[in-house]
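**Student:** Let me give you the structure first, and then I'll get to my questions.
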Amino acid sequence: HAGSVDNRVFTKSYHLFFRINKWDMDTSFLDNGATIRRMKAEIDSLMADGRIASDSILIVSAASPDGRNAFNVMLSEKRGETAEKIIKGLYPEFVTTKIIRDPIGEDWATLRKITLGDENIPMRDELLEIIDSDLDNDAKERKFRAMKPTFRYIIRNHVNLMRAAAVTINISVPNIVLAPVAAPK
């Protein structure tokens, strides 16, 4: 009897972190080494099936907003390239046209999430006003830096979360479903 094929799609996300002003991968920094090993182990276990297809890999890379915007845009692009090289090094068989890099430059959105989630940030409401303002990124950064206790607190406690590349891998595994068959009498 005819069967149908249903694809099961797995989506896995991994976060890699970078040192200040760097785009090379330091596997001893934060949990990068463990993250890369976990990513490889999880993908390897899915690939052991033999019917796996990498649908797409999205790499969103960013820089923290504590520097010149033009430099941070370049930094986020280079971090995305580094994450892509790691993926291609582990899995050269993944179709490269399915790797999508999205360098976002300065990560004001993560700074906003951090600010909403940490009630200990000095001058929190003022920082949110700056983040949500229509100012260009360099003007936002100047105002942010001028809030010395706030700026120091963010740098000391949260800045590494914004110096990152998030790798999201979508993987399809065909799930063969056989049509029901009547039991013999």
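**Student:** Just the residues that are under 12 Å from Lys12 (Cα atoms), open to solvent by 50 Å² or more (accessible area, probe 1.4 Å) and in contact (Cβ under 8 Å) with a residue 40 or more places away in the chain, please, taken from the stretch 31-50.
**Tutor:** Of everything in the stretch 31-50, just one residue is under 12 Å from Lys12 (Cα atoms), open to solvent by 50 Å² or more (accessible area, probe 1.4 Å) and in contact (Cβ under 8 Å) with a residue 40 or more places away in the chain, namely Lys40.
**Student:** Being open to solvent by 70 Å² or more (accessible area, probe 1.4 Å) and not in a helix (DSSP H, G or I): is that true of Ile104 here?
**Tutor:** yes
**Student:** Looking only at the stretch 1-19, count every residue that is open to solvent by 50 Å² or more (accessible area, probe 1.4 Å), out of contact with any Ser or Thr (no Cβ under 8 Å at 6 or more places or on another chain) and modelled with pLDDT of 75 or more and tell me the total.
**Tutor:** 1
**Student:** Something else about it: Within the stretch 161-178, is even one residue within 26 Å of Arg19 (Cβ to Cβ), modelled with pLDDT under 95, outside any strand (DSSP E or B) and open to solvent by less than 70 Å² (accessible area, probe 1.4 Å)?
**Tutor:** The answer is yes; a qualifying residue exists.
**Student:** Select from the stretch 45-77 the residues that are at pLDDT below 90 and touching a Leu at 6+ places or on another chain (Cβ under 9 Å) and write down the one among them that is nearest to Ile169 (Cα to Cα).
**Tutor:** The selected residue is Ile52.
**Student:** Could you tell me whether the stretch 128-141 includes any residue that is in contact with a Pro (Cβ under 8 Å, 6 or more places away or on another chain), under 21 Å from Asp26 (Cα atoms), at pLDDT 90 or above and of a type in the set (S, T, N, Q)?
**Tutor:** Taking every residue of the stretch 128-141 in turn, none turns out to be in contact with a Pro (Cβ under 8 Å, 6 or more places away or on another chain), under 21 Å from Asp26 (Cα atoms), at pLDDT 90 or above and of a type in the set (S, T, N, Q).
**Student:** Would you confirm whether any residue within the stretch 114-123 is touching a His at 6+ places or on another chain (Cβ under 8 Å) and of a type outside the set (D, E, K, R)?
**Tutor:** yes
**Student:** Something else now. Test of understanding: among Ile121, Ile87, which residue is open to solvent by less than 20 Å² (accessible area, probe 1.4 Å), touching a residue at least 24 places away in the same chain (Cβ under 8 Å), of a type in the set (Val, Ile, Thr) and under 30 Å from Ala48 (Cβ atoms)?
**Tutor:** None of the other options fit; the residue is Ile87.
**Student:** Does Ile130 satisfy the condition of being in contact with a Lys or Arg (Cβ under 6 Å, 6 or more places away or on another chain) and part of a helix (DSSP H, G or I)?
**Tutor:** yes
**Student:** Within the stretch 136-152, can one find any residue that is within 15 Å of the chain's Cα centre (by Cα), under 22 Å from Phe18 (Cα atoms), open to solvent by less than 60 Å² (accessible area, probe 1.4 Å) and not basic (Lys, Arg)?
**Tutor:** Checked the stretch 136-152: no residue is within 15 Å of the chain's Cα centre (by Cα), under 22 Å from Phe18 (Cα atoms), open to solvent by less than 60 Å² (accessible area, probe 1.4 Å) and not basic (Lys, Arg).
The values are calculated or read from the model by the stated rules, or taken from the named source; none is laboratory data. No experiment lies behind these values; they were computed from the predicted model shown. Every residue, glycine among them, receives a Cβ derived from its backbone with ideal geometry; neighbour counts consider all protein chains shown. Keep in mind that these areas ignore ligands, DNA and RNA; they rest on the heavy atoms of the full protein, side chains included. Shrake-Rupley method; radii C 1.70, N 1.55, O 1.52, S 1.80 Å.
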